[in-house]
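Written below as structure tokens is the structure these notes are about.
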Amino acid sequence: MLRSATTWILVGQRLGIALITLLIVSFAVFFATELLPGDVAEVLLGQAATPEAVAGLRTAMGLDEPAIWRFLSWLGGLATGDLGMSYVNKMAVADLLSGRLMNTLRLAGIVTLVCVPVALTLGIAAAMWRGSWLDRLVSVLTISVISVPEFMVATLAVLVFAVWLDWLPALSFGVEVDSLGDMLRAYAMPVISLSFVVSAQMIRMTRAAVIETINTPYVEMALLKGASRTRMVLGHALPNALGPIANAVALSLSYLVGGVIIVETVFNYPGVAKLMVDAVSTRDLPLIQSCAMIFCISYLLLITLADMIAILSNPRLRR
């Protein structure tokens, strides 16, 4: 009972830390966007606008109010699901985000379905035959892929598959999908670009988690009693490594948050990241802030989930 109470206290502490972090992040996002150069009123009215017209539009949009007051008003709206109105599109930010968010979630879901089985299989296999040619090959490939940034992978994918081989389109319009062939053509290069880095991180962390479990005394005892290497890993090590592996998967997927911004921009994919980049060019602050908060909340959710899985699966963290 004491251990159970301690576990839930630790989980509650992680959730409390996540909420405090989210509050700090919202503060940073709001005031960072306030520091963007340029004035949205001048952008909307154009270069021929008079100072009186610019001042009138700023008053109408509430931009002449103190920044801290606008932050509290924005934070209150965020807590109640009111993301405000887009300055440029004259639409509710929630309506603008709804379709784009589904596209980004669809891309992230496909990447997850591709990456997780491949990464877990290669990571466990590399750990089972540690030191073999397979392990060395996987290690070299993962280190090589991790060393290459997402924009370089995306650019090389365009160069090879769209320019040299002419197999796939250079741009990806994920909403124009009528058949399986269209879906493969639309998502192939964004998924390939994101999968490279995410899979490499996941393979290395899975391999490390399984090797750590294999080196424990009870697994070595099973090997001394005559268990085969496959039975030792699949029957004894893997069940006890599920917690660290789930933690590794959650942490690796957090890389999607940063990678998807680059990939959506390179392939002109109609997701939240592309919407945010377009909003920056027009100084549409409510839209920029909402998109940034979506990415921050996604990253925070994955990191908190990874922490909670680690707490629930590892008794040493509950002491």
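The values are calculated or read from the model by the stated rules, or taken from the named source; none is laboratory data. Nothing here was measured: the structure is a model prediction, and the numbers come from that model. Every residue, glycine among them, receives a Cβ derived from its backbone with ideal geometry; neighbour counts consider all protein chains shown. With ligands, DNA and RNA removed, areas are computed over all heavy atoms of the protein, side chains included. Shrake-Rupley method; radii C 1.70, N 1.55, O 1.52, S 1.80 Å.
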**Q.** Every pair of residues 6+ apart whose Cβ atoms lie under 7 Å, when the first sits in region 82-107 and is on the phi > 0 side of the Ramachandran plot and in contact (Cβ under 8 Å) with a residue 24 or more places away in the chain while the second is of a type in the set (Phe, Trp, Tyr) and open to solvent by less than 60 Å² (accessible area, probe 1.4 Å)
**A.** Gly84/Trp74
Q) Considering Thr155, Thr213, Thr206, which residue is of a type in the set (S, T, N, Q), assigned to a helix (DSSP H, G or I) and within 19 Å of the chain's Cα centre (by Cα)? A) Thr206
Q | Residues that are more than 24 Å from Val260 (Cβ to Cβ), open to solvent by less than 70 Å² (accessible area, probe 1.4 Å) and in a helix (DSSP H, G or I), drawn from region 75-106 | A | Leu75, Gly76, Gly77
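Give me the residue from region 108-128 that is open to solvent by 50 Å² or more (accessible area, probe 1.4 Å) and without any contact (Cβ under 8 Å) to a residue 40 or more places away in the chain and, out of that set, farthest from Ala170 (Cα to Cα).
Initially, region 108-128 is screened for residues open to solvent by 50 Å² or more (accessible area, probe 1.4 Å), giving 113-114, 117-118, 121-122.
Subsequent filtering for residues that are without any contact (Cβ under 8 Å) to a residue 40 or more places away in the chain retains 113, 117, 121.
On the way: Leu113: 23, Pro117: 27, Thr121: 31 Å.
Going through the qualifying residues, I end up with Thr121.
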Q) For Ala246, all conditions in the list (1) outside any helix (DSSP H, G or I); (2) of a type outside the set (Val, Ile, Thr); (3) farther than 23 Å from Ser132 by Cα hold save one; what is the number of the exception? A) (1)
(Q) One residue is enough: does region 160-170 have a residue meeting the conditions charged (D, E, K, R) and either part of a helix (DSSP H, G or I) or open to solvent by less than 70 Å² (accessible area, probe 1.4 Å) (or both)? (A) no
Q | Sole residue being open to solvent by 50 Å² or more (accessible area, probe 1.4 Å) and either out of contact with any Ser or Thr (no Cβ under 7 Å at 6 or more places or on another chain) or within 25 Å of Cys291 (Cβ to Cβ) (or both), chosen from Ala48, Ala67, Ala18 | A | Ala48
(Q) Filter region 1-52 down to the residues that are at pLDDT below 85, part of a helix (DSSP H, G or I) and within 19 Å of Val88 (Cβ to Cβ) and list them by number. (A) Thr33, Glu34, Val40, Ala41, Glu42, Val43, Leu44, Leu45
